[in-house]
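Taken together, the values in this text are just the output of simple stated rules run on the coordinates, not laboratory data. Everything numeric here is computed off the predicted structure, so don't read it as measured data. Every residue, glycine among them, receives a Cβ derived from its backbone with ideal geometry; neighbour counts consider all protein chains shown.
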Amino acid sequence: MEINSINQSYNSDRTPPARHWYTIYTKPHAEDLVQEQQEKKDISVFLPKISEFRFRKQKLRHCIQPLFPNYLFARFTIPDEYCHVKWTKGVRRIVTFEIDGLWTEK
């Protein structure tokens with residue numbers, strides 16, 4: 001039995017495409033917003049954070065910041081979940097490498 005979706009067709013006897021990890025470039029300070037929205041869509045997200053102390057207004061304050069500002073990692077399938085991730089509020093783009101029209105991971 002053949003199942004056709006808008007983005008991809010595959011045979012129902014086979015397993016669906018595997019999810020891979022991709023890097024998502026976000027708008028400034030939008031990492032937590034993007035993480036929350038992706039998790040609502042059942043997409044695994046990894047946002048590493050670092051705890052540090054900074055001086056603000058002449059006081060030492062404890063801050064928890066993203067380890068990689070404006071970046072987070074998400075596990076999804078291309079092309080099935082690509083649009084869900086790409087058009088999430090706060091996402092600028094998905095970091096990918098395209099060679100001869102084929103999606104590759106590096």
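State log₁₀ I(q)/I(0) for the stretch 15-99 at q = 0.19, 0.24 Å⁻¹ as given by the Debye formula over alpha-carbon point scatterers of equal weight, solvent excluded.
Computed log10 I(q)/I(0) values: -0.82, -1.15.
Can you sort S44, S51 so the residue with the fewest Cβ neighbours within 10 Å comes first?
S51, S44
Taking the alpha-carbon distance from K27 and a cut-off under 17 Å, which lysines remain once sequence neighbours fewer than 8 residues away in the same chain are dropped?
List returned: K49, K86, K89.
Which of V95, P17, I78 sits closest to the plus end of the dipole of the stretch 15-99, meaning its Cα is farthest towards the positive end, when Lys and Arg get +1 and Asp and Glu get -1 on the C-beta?
V95
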